[in-house]
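Beneath this line is the structure, given in structure tokens, with notes to follow.
Read the figures in this text as sums done on the coordinates, not as results from a lab. In this text the structure is predicted, and so the values were computed from the model without any measurement. Cβ coordinates were reconstructed from backbone atoms using ideal geometry, including for glycine residues, and neighbour counts include every protein chain displayed.
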């Protein structure tokens with residue numbers, strides 16, 4: 001018997017029947033790992049497609065591959081995760097070179113030597129730029145930054161912070177940057193060279209035929225059943241030997257303690273001929289501009305050629321009951337409501353909470369996959 005078909009022992013020596021809420025990356029990875037060890041997995045997905053918020057589909061008119069819920073760019077240093085996604089879909093090279101419109105000019109992000117020289121009207125060398133930022137711009141009186149704003153002031157100074165981050169952050173979170181944790185800004189590097197690659201991971205790319213086809217292949221296994229347009233009701237948990245829940249952790253409990261705060265996104269879609277903005281992502285940093293960025297989706301597939309274009313203008317707002325939650329909101333003053341839900345979830349028998357919504361934390365796709373792999377392997381080790 002091959003490893004992919006050998007059943008793992010469950011109660012009374014039988015394979016387990018696993019229920020899963022959601023068919024995004026977390027549950028897809030876990031389901032495949034468990035299915036290959038002989039367990040039967042049933043995934044319930046309330047939307048009409050798999051892949052969650054990284055769902056992609058081709059626009060019928062332009063044939064552009066559109067990231068329906070906003071752009072998802074894969075980047076990782078995890079060799080195993082990179083090998084896993086390439087098992088189901090070939091990843092093509094893609095470098096995210098973000099531009100930013102601010103104060104009537106277009107700059108390069110993340111802040112790099114070109115940005116610094118352009119903004120300050122200088123011709124600094126790398127060493128000169130680093131000395132200028134660290135010694136003349138940065139607020140070195142802030143020894144231990146606790147907030148987003150303190151983190152920015154400590155490392156890049158007030159001028160760069162107020163130009164590129166303050167207005168954008170206010171639009172994205174609708175919260176004063178003084179109340180946001182410093183960790184949010186730690187993901188945005190400053191470079192004292194002309195490297196304008198937004199990410200620094202060794203593996204970067206896009207799935208050749210989109211994320212949805214990749215996840216569909218991941219779920220293509222005789223031990224996996226997917227029920228689209230069908231949510232998993234909490235009162236149906238008893239039907240399964242174990243449940244992996246990738247929906248909102250507060251939703252599992254019927255929001256009985258209150259709703260955890262999320263940000264959601266609205267997209268104003270537009271179509272045009274030709275090249276609209278010349279890049280995949282253009283941030284709009286001025287607070288007076290109501291949207292945060294415009295994404296031009298054909299640039300996410302640079303190996304393809306399209307005469308027409310599809311753009312999304314992105315607006316961020318507080319998530320309502322009927323909205324799709326995107327980003328969990330963490331504040332510097334603590335999360336008492338979250339702690340209460342997490343305490344209940346940790347003690348929940350027969351249920352494992354996974355993914356961005358189940359654990360209430362923002363995770364890039366590679367981190368999501370790594371967490372799912374680790375969760376699946378820990379579960380198999382116990383069964």
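Just to confirm my numbers, what's the Cα centroid distance between the stretch 345-379 and the stretch 258-272 in Å?
24
Output the 0 to 90 degree angle, nearest 10, between the alpha-carbon long axis of helix 365-382 and the longest principal axis computed from the alpha carbons of the chain.
Value to nearest ten degrees: 30.
Just from its helices, what would the mean residue ellipticity at 222 nm be for the chain, if runs of 4 or more DSSP H residues each count -39500 (n - 2.57) and the sum is divided by every residue, rounded to the nearest 500 deg cm²/dmol?
Value at 222 nm, helices only: -7000 deg cm²/dmol.
Let me have the relative contact order for the chain, percent, based on Cα pairs under 8 Å that are six or more residues apart.
Here the relative contact order equals 26 percent.
Go ahead and set up a Gaussian network model of the chain, Cα springs under 10 Å, then flag whichever of 175, 190, 215 fluctuates most.
Sorting by GNM fluctuation, first place goes to 175.
Could you sort the peptides 86-94, 68-76, 137-145 by per-residue average Cβ neighbour count (10 Å cutoff), highest mean leading?
Most protected by this proxy first, the peptides run 68-76, 86-94, 137-145.
Expressed as a rounded percentage, what relative contact order does the stretch 283-323 have, with Cα pairs under 8 Å and six or more residues apart?
Numbers: 41 pairs, mean separation 15.7, N = 41.
The value is 38 percent.
Expressed in nm to one decimal, what extension gain is obtained for the pair residue 183 and residue 337 from 0.36 nm per residue of sequence separation less their Cα-Cα distance?
Separation in residues times 0.36 nm, less the Cα-Cα distance, equals 53.4 nm.
Estimate the FRET efficiency between residue 176 and residue 86 by the formula 1/(1 + (r/R0)^6), using the beta-carbon distance for r and 25 Å for R0, to the nearest 0.05.
In this case the efficiency is close to 0.05.
Report the far tail of the P(r) of the stretch 98-187, meaning the percent of Cα-Cα pairs longer than 23 Å.
The calculated P(r) of the stretch 98-187 puts 22 percent of pairs beyond 23 Å.
Multiply the residue gap between residue 78 and residue 323 by 0.36 nm, knock off their C-alpha separation, and tell me the result in nm, one decimal place.
85.0 nm
So if I take the centroid of the Cα atoms in the stretch 273-335 and the same for the stretch 124-195, what is the distance between those two points in Å?
22
Could you sort 284-295, 119-130 so that the peptide with the highest average Cβ count within 10 Å comes first and the rest follow in order?
Going from most to least packed, we get 284-295, 119-130.
So the label point goes 7 Å from the Cα of residue 382 along Cα→C-beta, right? Which residues of the stretch 16-33 then have their backbone N under 15 Å from it?
Within reach of a label on residue 382: 16-19.
Percent relative contact order of the stretch 98-187, based on C-alpha pairs within less than 8 angstrom and at least six residues apart?
Relative contact order here is 23 percent.
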